[in-house]
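A quick write-up on the structure given underneath.
The values are calculated or read from the model by the stated rules, or taken from the named source; none is laboratory data. Given the structure is predicted, the values throughout are model-derived calculations rather than measurements. Methodologically, a virtual Cβ is constructed for each residue, glycine included, from the backbone with ideal geometry; neighbour enumeration extends over all protein chains shown. Note: areas computed on protein heavy atoms with side chains; ligands, DNA, RNA excluded. Shrake-Rupley method; radii C 1.70, N 1.55, O 1.52, S 1.80 Å.
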Amino acid sequence: MKIHEYQAKALLTRYGVATPRGEPVFSAEAAAEAAARLGADRVVVKAQIHAGGRGKGGGVKLADDPAAAARIAGEMIGMTLVTAQTGPAGRVVSRVLIEEGLDIATELYLGLLIDRAEQKPLFMASAAGGMDIEQVAADTPELIHKVHIDPGLGLAAFQARGLAEAIGLTGGPARKAAALMQRVYAAFLAIDASMIEINPLVVTGAGDVLALDAKVTLDDNASFRHVDLADLRDLAEEEPLETEASKHELNYIRLDGTIGCMVNGAGLAMATMDIIKLAGGEPANFLDVGGGASAEQIKSAFQILLSDTKVKAVLINIFGGILRCDILAEGVIAAVKELGVDVPVVIRMEGTNVDEGKRMLARSGLNFSTADSMGEAADVVVGLAAVA
């Protein structure tokens with residue numbers, strides 16, 4: 001679950017991470033009041049959306065007084081902000097963060113996530129803060145310093161000091177940055193985050209070290225332990241079809257292609273998407289119905305797939321283990337009949353009760369295409385999508 005910058009900062013401050021003073025607001029009038037309460041010589045008005053690159057898109061601006069803060073907030077709230085991470089459709093801004101301006105001497109980068117290959121948390125730091133860190137990683141990877149953390153020991157003080165020194169800090173700022181890193185790691189564990197990114201981490205002219213920006217992603221698998229964080233979810237920032245899928249316990253991510261995919265198992269879903277591309281097509285989504293999907297969930301999955309108007313054909317690729325092939329066939333037949341599916345449907349299935357499932361499809365009287373291999377299924381569905 002992604003959350004807004006101001007929410008991320010509020011969580012981090014619980015664990016002693018220093019951040020600028022600020023308030024989220026939903027109107028121009030509230031922006032003026034917040035700026036006045038801060039009493040700073042200059043405030044920053046920051047659009048709150050679940051995407052980076054806001055400054056380049058006009059979503060971060062300086063205001064010299066409360067009246068200017070109100071004017072800028074009024075222009076931002078309701079605007080469609082387009083950044084490199086939103087895609088061309090952009091995101092509508094519903095709130096802004098009014099934050100005190102700082103005397104920034106240095107901008108740095110911190111990132112903390114799970115390195116799945118090493119099965120350990122990975123702390124990253126760079127002197128190239130405030131920049132597109134992905135580009136820095138691609139062009140100058142030597143500028144990104146990494147430390148793996150033993151989960152049983154945690155982030156050791158010497159590791160934090162080493163990262164601070166690696167990004168050019170000395171003296172007081174280095175000690176403060178190292179302490180901040182340990183607090184960030186404490187927050188990471190306590191809230192079950194899958195990622196915390198601070199870009200930039202700033203050193204002020206007075207030598208203070210603060211998280212000027214913060215991005216936090218929470219692990220959905222741990223949400224049962226954090227009922228208090230559920231209200232941080234902003235459904236307006238999420239893809240509507242992905243939100244609908246989550247209601248039915250389906251894993252769905254919308255993409256830009258024309259071939260809808262329904263698969264059970266994340267690994268098989270990724271392989272299915274790859275083989276569609278190898279056959280010359282483009283997947284319209286990632287959709288994992290899970291190992292124990294019911295006929296009702298299959299129908300819901302179909303409805304979500306077909307709600308994407310770009311879908312020209314559907315490929316169903318199922319290995320019948322927990323999800324039996326006859327249950328799949330039952331759900332597909334019911335969905336096609338009830339929803340009036342008018343796009344080609346290609347089905348490749350193997351496993352438990354596969355023969356019964358194929359008989360059910362054949363007896364349905366519906367125009368399904370079947371395939372015995374993934375390669376054959378991909379070739380068929382790409383061909384059908386091309387003429388649909």
| task | Can you check what the net charge comes to around GLU282, using other residues whose Cβ is under 11 Å from the Cβ of GLU282 (Lys, Arg +1; Asp, Glu -1)? | result | +2
| remark: Over its alpha-carbon atoms, region 248-388 yields an Rg and a Dmax in Å of 13.1, 35
| message | Between VAL227 and SER294, what's the calculated FRET efficiency when r is the beta-carbon distance and R0 is 35 Å? Round to 0.05. | response | 0.85
| remark: Kirkwood radius from Cα pairs of region 92-140 plugged into Stokes-Einstein at 10 °C, 1.306 mPa s, gives D in µm²/s equal to 116 µm²/s
| How large, in percent, is the carbon and sulfur part of the accessible surface of the chain at a probe radius of 1.4 Å? | 52 percent
| query | Taking the Cα atoms only, what angle lies between the long axis of helix 5-14 and the longest principal axis of the chain, rounded to 10 degrees? | reply | 60 degrees
| With Cα atoms, 0 to 90° folded angle of helix 374-387 axis to the chain main axis | 90 degrees
| query | Taking the C-alpha atoms of region 55-154, how large are the radius of gyration and the largest Cα-Cα span, Dmax, in Å? | reply | 18.1, 52
| note | Packing-ranked peptide list from 360-366, 246-252, highest mean Cβ count within 10 angstrom first, is 246-252, 360-366
| field | Cα-projected label distance for ALA190 with ARG37, points at 7 Å along beta-carbon direction, nm | value | 2.3 nm
| field | Hull-based mean projected area of region 321-388, where the convex hull spans the alpha carbons, in square nanometres | value | 4.5 nm²
| task | Evaluate region 109-194: find the radius of gyration of its Cα atoms, find its Kirkwood radius, and give the ratio Rg to Rh. | result | 0.95
| said: Please compute the per residue accessible area over region 189-337 with all protein chains in place, 1.4 Å probe, rounded to a whole number of Å². | reply: 42 Å²
| query | Can you give me the Cα centroid spacing of region 295-366 and region 260-279 in angstrom? | reply | 15 Å
| Distance histogram for region 163-202 (every C-alpha pair counted, 10 angstrom bins, percent rounded to whole numbers) | 28, 51, 21, 1
| field | Extension gain from ILE114 to ALA157, taking 0.36 nm per residue of separation minus the Cα-Cα distance | value | 13.5 nm
| said: Against the 2.2 N^0.38 Å scaling, with N counting residues, where does region 177-291 land? I'd like the Cα-based Rg ratio to two decimal places. | reply: 1.43
| Sorted peptide list for 376-384, 101-109, criterion being average Cβ within 10 angstrom, highest first | 376-384, 101-109
| request: Tally the DSSP beta bridges in the chain and give the antiparallel ones as a percent, rounded to 5. | output: 75 percent
| If you line up the long axis of helix 325-339 against the longest principal axis of the chain, both from Cα atoms, how many degrees apart are they, to the nearest 10? | 80 degrees
| note | Residue-normalised 222 nm signal for the chain, counting each DSSP H run of n ≥ 4 as -39,500 (n - 2.57), nearest 500 deg cm²/dmol, is -11000 deg cm²/dmol
| task | Could I get the Rg over Rh figure for region 38-103? Both from C-alpha atoms, Rh via Kirkwood, rounded to two places. | result | 0.99
| task | Mind putting a number on the dipole of the chain about its Cα centre? Charges go on the C-beta only, +1 for Lys and Arg and -1 for Asp and Glu, and I need it in Debye to the nearest 20. | result | 280 debye
| message | With every protein chain kept in place and ligands, DNA and RNA left out, what is the accessible area per residue of region 87-161? Probe 1.4 Å, answer in Å². | response | 53 Å²
| said: Per q in 0.12, 0.15, 0.17, 0.22 Å⁻¹, report the Debye log10 I(q)/I(0) for region 1-66, using one uniform scatterer on each alpha carbon and no solvent. | reply: -0.33, -0.53, -0.68, -1.08
| request: Apply the Debye scattering formula to the chain, with a single equal point scatterer on each alpha-carbon and no solvent, then give log10 I(q)/I(0) at q = 0.08, 0.11 Å⁻¹. | output: -0.54, -0.89
